[in-house]
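K.L.:
Dumping the structure here so I can ask a few things about it.
What follows draws every value from the coordinates through simple rules; no lab data is involved. Not measured: the values here are computed from a predicted model. Glycine gets a Cβ as well: all are built from the backbone with ideal geometry, and neighbour counts include every protein chain shown.
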Amino acid sequence: MTLNYWAIGFLWGSSRPSGDYFLVQNMDKKLLVRLKDIILIENKIFETETNQGNISYRLKINKDHKYIQHMLSNGYKSRMRNEERHAPQSLNKDNEHEFLKGYFCTHFSYDFVTRIGKLVPRLRFYASYNILDMLNKHLHKELDTTIKKIGNHSSSDVCKILYYQSKKEIDRIIPYMDLNIY
C-alpha cells in the first residue's frame, strides 16, 4: 500500500479519535482540503468556533480508512496525556522528510525578538521530545544545522520546544520544510 507521508505526518499531529471517527482539526482550511485530495475522501469540511472565538475547520475520517488503520497499526497514540509520543514505526529514510513536513506544517511558530538591541528571527517547533529529537537530527543531517537542546514548554508537561535563532539556519529550514510563515 502506497501512502503519502505528508498526509500521515499531518494526521499524526492534527487528528484525534472521536467515536467511530478520527477528527482532524486546523485553523487553515486549505490544509484540510489538501488532506482530502491526498487521501481521497469526500467528507465535508465543517466550521466550528474555538473557545477564543476563532474559526477552526474539522474533517471526520472513518476509523476504517486505510490511512487511519495504517496509523493505528504503526504506533499512533492520542495526544492526551501521552508525554513520550513516538513517530510511526513505518518511517524510514525515504519517507521521514515528508512525514516531518506534514507534522510540522502547523506545529511551529516564526516571529522576531529583540536580542542585543537588534530584531532577529526566531523559529520554534512544538511536539513530543521524541518527534522533536527526530527533527533535530534530520535537520542536522540534511541541512547541517547545529544540534539543539530540546526545551520544555512553559504551559505544558507534554509539549516540548525545538528553538532556532540563527538566521542562516532559519533561512535554510523554512523552504526545506515548506513552512508557510505568512
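K.L.:
So for the chain, what are the equivalent ellipsoid semi-axes in whole Å, largest first, each being the square root of 5 times an eigenvalue of the Cα gyration tensor?
P.N.:
Working: eigenvalues 156, 74, 50 Å².
Over the Cα atoms of the chain, the semi-axes work out to 28, 19, 16 Å.
K.L.:
In addition: Pairs Lys63/Lys101; Lys93/Lys148; Lys30/Lys66; Lys36/Lys63; Lys30/Lys60: which are spaced more than 26 Å apart, C-alpha to C-alpha? Numbers along the way, then the final one.
P.N.:
On the way: Lys63/Lys101 23 Å; Lys93/Lys148 21 Å; Lys30/Lys66 22 Å; Lys36/Lys63 15 Å; Lys30/Lys60 15 Å.
As for pairs spanning more than 26 Å Cα to Cα, there are none.
K.L.:
Still on this structure, I have one more. Shape call for segment 5-86 from the C-alpha gyration tensor, a ≥ b ≥ c root eigenvalues: rounded (a/c under 1.5), prolate (a/b greater than b/c) or oblate? Write down the numbers at each step before the final one.
P.N.:
On the way: a/c = 1.74, a/b = 1.20, b/c = 1.45.
Oblate, because a/c is 1.5 or more while a/b does not exceed b/c.
K.L.:
Could I ask something else about it? Which of the trypsin sites (Lys or Arg not before Pro) across segment 20-120 are loop residues per DSSP, with 10 or fewer other Cβ within 10 Å?
P.N.:
Working: sites: Lys29, Lys30, Arg34, Lys36, Lys44, Arg58, Lys60, Lys63, Lys66, Lys77, Arg79, Arg81, Arg85, Lys93, Lys101, Arg115, Lys118; in loops: Lys44, Lys63, Lys77, Arg79, Arg81, Arg85, Lys93.
Taking segment 20-120 and a limit of 10 other Cβ atoms within 10 Å, the loop trypsin sites (Lys or Arg not before Pro) found are Lys44, Arg81, Lys93.
K.L.:
Let me ask something else. Starting from the 7 Å offset along Cα-to-Cβ, what nm value, one decimal, do you get for the label separation of Ser18 and Tyr110?
P.N.:
It is 2.9 nm.
K.L.:
Is the C-alpha gyration tensor of segment 122-167 telling us rounded, prolate or oblate? Criteria: a/c under 1.5 is rounded; beyond that, a/b larger than b/c is prolate, otherwise oblate. List each step's numbers first, then the result.
P.N.:
Numbers: a/c = 2.89, a/b = 1.57, b/c = 1.84.
Oblate is the answer for segment 122-167, as a/c is 1.5 or above yet b/c matches or exceeds a/b.
K.L.:
If we sort 46-53, 107-114 on the protection proxy, mean other Cβ atoms within 10 Å, highest first, what's the order?
P.N.:
On the way: 46-53: 8.4, 107-114: 12.9.
So the order, starting with the most tightly packed, is 107-114, 46-53.
K.L.:
What is the order of Val24, Val33, fewest Cβ neighbours within 10 Å to most?
P.N.:
Working: Val24 24, Val33 13.
So the residues, fewest neighbours to most, are Val33, Val24.
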